[in-house]
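These notes concern the structure reproduced below.
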Amino acid sequence: MAVLVARQGRELQRYSPRTGGRIVVGCIPYLVRDDGELEVLVISSQKGHGMMFPKGGWEVDESMDDAARREALEEAGVRGETGGVLGLWHYQSRRCQQTYEGYMFPLRVTDELKQWPEMASRKRTWATVQQVMDGCQHAWMREALQQLVDRHAKLQSALSWHNITEIEAHLIQRASWIDTAVGPNIPALPQESQGSCGNEIAISDSNDEKADAEMAYPDNEMEDEMLISENGEEVDADSDDDMANLRAMLRYF
């Protein structure tokens, strides 16, 4: 039996050429219930506190969606299929005084493992969207969840009204956003000495976002953040107008 082990160290860590801080990639593991509502998987910090989504550093030997799937496996013990990126956020580490870039992806869960690398240090729980909105301390993660909810609602609406034109418009919008905001793989900057940057605060450079200070938590992994919105409203869906494909899209976006 193969033993899964979480990656350690930051030798392969990518750093943002824009901010100099780490590039972090995470995902929102989810399922679509029979009633059409989303159910999402959240994890605790390594000390068993709080509510968050899997995330971690993007490394030089993997793509962004590979990193998202790896973090889901290591921290939450699930495998699945990633959809289009939900957006880009920035947040500032309290301890390192660096601005990090955070990308979030949806991950449709296909397999939930009974054993996984960080099972001894983290709890995992399936929750409703409202439970996460009420309980997650990380503003940028709540914003990413809202992006996922909005995307799902648009697909539900498109299926209900057979609005293929609307889906095609969102596909074009998503492709444009990825080309301008994500671009090609970002090369890693020269390695510098990095401390533990778990206790973080998010910052905002958007005129449209209101900065809400979050209470700091004593657990170093808990993040005290306020988001910087640079989100697109992309829809990762097949543009085929066959209704069977549309129904399949509701299970994978």
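The values are calculated or read from the model by the stated rules, or taken from the named source; none is laboratory data. As the structure is a prediction and not an experimental result, all values here were calculated from the model. FYI the Cβ positions are ideal-geometry reconstructions off the backbone, even for glycines, and counts take in every protein chain you see. Quick note on the areas: whole protein, heavy atoms, side chains included, nothing else; ligands and nucleic acids left out. Shrake-Rupley method; radii C 1.70, N 1.55, O 1.52, S 1.80 Å.
Assorted remarks:
- Solvent-accessible ranking of His49, His152, largest area first, probe 1.4 Å: His49, His152
- Length released on extending from Arg79 to Met133, taking residue separation times 0.36 nm less the Cα-Cα span: 17.1 nm
- Distance between modelled label sites at Arg95 and Val60, nm, 7 Å Cα→Cβ extension: 2.4
- FRET efficiency for His49 and Thr125, using Cβ-Cβ distance with R0 set to 22 Å, rounded to 0.05: 0.95
- Paramagnetic reach from Glu39 (point 7 Å along Cα→Cβ, amide N under 19 Å) across segment 113-134: 113-115, 123-134
- In order along segment 29-37, phi translates into HN-Hα couplings of x, 8, 9, 9, 6, 4, 7, x, 7 Hz, rounded to whole numbers, per the Karplus curve 6.51 cos²θ - 1.76 cosθ + 1.60 with θ = phi - 60° and x for Gly and Pro.
- Summed over the residues of segment 19-104 and divided among them, the accessible surface reaches 30 Å² per residue at a probe radius of 1.4 Å.
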